[in-house]
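*Asks:* I'd like to ask some things about the structure below.
The values are calculated or read from the model by the stated rules, or taken from the named source; none is laboratory data. Nothing here was measured: the structure is a model prediction, and the numbers come from that model. Ideal geometry is used to build each Cβ from the backbone, glycine not excepted, and the neighbour counts take in all protein chains shown. The protein model used for the area step is the full one, side chains on, heavy atoms only, and it has no ligands, DNA or RNA in it. Shrake-Rupley method; radii C 1.70, N 1.55, O 1.52, S 1.80 Å.
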Amino acid sequence: MSDVSRFTLPSGLAMAYRHLPGRLPAVVFLPGYMSDMAGGKAQAVLEWARERGRACLLLDYTGCGQSEGRFADGTLSRWRDEVVALIDHLGIASVQLVGSSMGGWLMLLVAEALGERCRALVGIAPAPDFTEWGLSQSQRIELAAGRTVYEDNPYGPEPTPTHALFWSDGERHKRLGHEIAFDGPVRLLHGQHDADVPWDISLRLAAALRSADVQVHLVKDGDHRLSREGDIALLLRELAGLDA
């Protein structure tokens, strides 16, 4: 991706991003855990925005993709602040957030930070509070003791780490247990064959959101990634519906 730009954060680390100017609100894609802006869904959203003259922002959190930093230092708090700092740096007045998996948790935190500048949310297999429901009691004990937990990674050869710093920070940002004060439109897409995030998490998120304009789309044969051609077409249709 030759048009990748760099933004130097207050931490001194450089954050990689792609910004497409255009009509607001800008569509901001928030990748999942250990993912980045090179993924198929992010690229499809960028091309959709380009065709419609919409502003779009793709990004890599520090420690991920082409950004500087160590993944072990990453937390929801840190990545939230990075996303908000980048949006502020680019002078983007209004956004629609698209969050994939962990990005679907992060989008709730970014929306809180942006307030009225956030106009809509789209979650793809959103995973809020996964530091609670996504880990066993024994894993939580290990993390509470400051140790890293490793799990088999179905998407690559290396095991997936959960670092104690990320876990302890995530425990402070759980949102499903109380009302989420967002009033704009929300669209949640979830595969019912998702082996990583149970699809009832989207139902719990829908119930927690204060907005009355919340729709949950269940894909009966969909997996966690929802990256098949038909899945991406559904995502783009939902974006187009919000753009109508």
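*Asks:* Which residue pairs have Cβ atoms under 7 Å apart, sit 6 or more places apart or on different chains, and have a first residue in the range 203-218 that is under 18 Å from L234 (Cα atoms) and a second that is loosely packed, with under 15 Cβ neighbours inside 10 Å and at pLDDT 95 or above?
*Replies:* Taking only residues 6 or more apart or on different chains, the pairs are V216/L203; L218/Q192.
*Asks:* When you check A113 against the structure, is it surrounded by fewer than 24 Cβ atoms within 10 Å (Cβ to Cβ), farther than 30 Å from H193 by Cα and in contact with a helix residue (DSSP H, G or I) (Cβ under 6 Å, 6 or more places away or on another chain), yes or no?
*Replies:* In short, yes.
Results for (1) at pLDDT 95 or above; (2) among the polar types (S, T, N, Q); (3) buried (at least 20 other Cβ atoms within 10 Å of the Cβ), shown as yes or no for each residue.
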{"residue": "C118", "(1), (2), (3)": "yes, no, yes"}
{"residue": "L121", "(1), (2), (3)": "yes, no, yes"}
{"residue": "A127", "(1), (2), (3)": "yes, no, yes"}
{"residue": "F130", "(1), (2), (3)": "yes, no, yes"}
{"residue": "Q139", "(1), (2), (3)": "yes, yes, no"}
{"residue": "T148", "(1), (2), (3)": "yes, yes, no"}
{"residue": "N153", "(1), (2), (3)": "no, yes, no"}
{"residue": "P157", "(1), (2), (3)": "no, no, no"}
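*Asks:* Give me the pairs: first residue in the range 42-57 and more than 24 Å from E82 (Cα to Cα), second residue open to solvent by 20 Å² or more (accessible area, probe 1.4 Å) and assigned to a helix (DSSP H, G or I), beta-carbon distance under 6 Å, and six or more apart or on different chains, which are they?
*Replies:* W48/L236
*Asks:* Could you list, in sequence order, the residues of the range 184-206 that are over 20 Å from C118 (Cβ atoms) and open to solvent by 10 Å² or more (accessible area, probe 1.4 Å)?
*Replies:* Listed by number, the residues that qualify are Q192, H193, D194, A195, D196, P198, W199, D200, L203, R204.
*Asks:* Only residues that are part of a loop (DSSP other than H, G, I, E, B), among the aliphatic types (A, V, I, L, M) and over 22 Å from D223 (Cβ atoms): list them for the range 91-136, please.
*Replies:* Those that are part of a loop (DSSP other than H, G, I, E, B), among the aliphatic types (A, V, I, L, M) and over 22 Å from D223 (Cβ atoms): I92, A93.
*Asks:* I'm told L176 meets every condition in (1) under 30 Å from K220 (Cα atoms); (2) buried (at least 24 other Cβ atoms within 10 Å of the Cβ) except one. Can you identify the failing condition by its number?
*Replies:* (2)
*Asks:* Still on this model: Kindly indicate the residue of the range 159-173 that is surrounded by 18 or more Cβ atoms within 10 Å (Cβ to Cβ) and assigned to a loop (DSSP other than H, G, I, E, B) and also nearest to the chain's Cα centre (by Cα) among those meeting that condition.
*Replies:* H173
*Asks:* Name the residue that is most open to solvent (accessible area, probe 1.4 Å), counting only residues in the range 232-244 that are more than 17 Å from the chain's Cα centre (by Cα) and not small (G, A, S).
*Replies:* R237
*Asks:* Kindly list, by first and then second residue, each pair from a residue in the range 13-36 that is over 15 Å from E82 (Cβ atoms) to a residue that is open to solvent by less than 40 Å² (accessible area, probe 1.4 Å) and of a type in the set (S, T, Y), limited to pairs with Cβ atoms under 6 Å and residues at least 6 apart or on different chains.
*Replies:* Cβ pairs passing all conditions: L24/S94; P25/S94; G32/S100; G32/S101.
*Asks:* For the range 169-186, state whether one or more residues are touching a Gly at 6+ places or on another chain (Cβ under 8 Å) and over 15 Å from W133 (Cα atoms).
*Replies:* yes
*Asks:* Shifting gears a bit: Tell me, please, whether a residue that is in contact with a Gly (Cβ under 8 Å, 6 or more places away or on another chain), open to solvent by 40 Å² or more (accessible area, probe 1.4 Å) and under 22 Å from V28 (Cα atoms) can be found in the range 208-224.
*Replies:* There is at least one residue in the range 208-224 that is in contact with a Gly (Cβ under 8 Å, 6 or more places away or on another chain), open to solvent by 40 Å² or more (accessible area, probe 1.4 Å) and under 22 Å from V28 (Cα atoms).
*Asks:* Moving on to the next point. Across the range 174-192, what is the total count of residues that are farther than 16 Å from L106 by Cβ, in contact with a Phe, Trp or Tyr (Cβ under 9 Å, 6 or more places away or on another chain) and assigned to a loop (DSSP other than H, G, I, E, B)?
*Replies:* Going through the range 174-192 one residue at a time, the tally reaches 1.
*Asks:* Could you tell me which residue of the range 58-90 is farthest from V28 (Cα to Cα), considering only residues that are crowded, with 19+ Cβ neighbours inside 10 Å and out of contact with any Phe, Trp or Tyr (no Cβ under 9 Å at 6 or more places or on another chain)?
*Replies:* So the residue we want is G65.
*Asks:* While we're here: State whether the residues of the range 1-17 include one that is assigned to a helix (DSSP H, G or I) and of a type in the set (D, E, K, R).
*Replies:* no
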